[in-house]
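As C-alpha cells, the structure follows; a few thoughts come after it.
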Amino acid sequence: MNRINKGQLAETMAESAGITKAEAGRAIDAFARAVQEATDQGGSVVLQGFGTFAPRHRAARMGRNPATGEAIEIAASTTLGFKAAKRKAGA
C-alpha cells in the first residue's frame, strides 16, 4: 500500500488541476478546516463517491497503565471518523 504525504498530494493535485503546488496546498488546508468546523458542531461531511467524515463518540472506560499495570479511567472523547464510500462494480 502506498502512502503519500501532504506535499505529494498537493503536487498531484496541482498537476491535475493546472494550478501551483502552493495553491493546491492552500486548498487542502481549506478543505481540512471546513471538515473540522462542520464536525466540531456535530455535523458530518458527505462526499458522494468518496466517503463521509463524521464525529465519533467514545464512552469513558477502564484501562491499564502498561508500565505499572495500574487500573486507570480513560475519559470519554470525540474523534473524527471517516467511512469510505462503497466502490461500484467494475471500478
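Just so it is clear, none of the values below were taken in a lab; they were calculated from the coordinates. Since the structure is predicted, the reported quantities are computational estimates derived from the model, not experimental observations. All Cβ positions, glycine included, derive from the backbone under ideal geometry; neighbour counts span all protein chains shown.
The stretch between Met62 and Arg26, if pulled fully straight at 0.36 nm per residue, gains 8.9 nm over its current Cα-Cα span. Counting only alpha carbon atoms, the long axis of helix 21-40 and the longest principal axis of the chain meet at about 40°. Helical content of the chain, expressed as a calculated mean residue ellipticity at 222 nm, amounts to -11500 deg cm²/dmol (DSSP H runs of 4 or more residues, -39,500 (n - 2.57) each, divided by residue number, nearest 500).
Comparing Ala71, Ala59, Ala38 in a Gaussian network model of the chain where C-alpha atoms under 10 Å apart are linked, the largest mean-square fluctuation is found at Ala71. Summarised in one figure, the compactness ratio Rg/Rh of the chain, Cα atoms and Kirkwood Rh, is 1.13. Shape annotation for region 1-52: C-alpha extents along the principal axes are 34, 26, 18 Å, from largest to smallest. Other residues whose C-beta falls under 14 angstrom from the C-beta of Thr39 contribute a net charge of +1, scoring Lys and Arg +1 and Asp and Glu -1.
Charge dipole of the chain (Cα centre as origin; +1 on each Lys and Arg Cβ, -1 on each Asp and Glu Cβ, all else neutral): 420 debye, rounded to the nearest 20.
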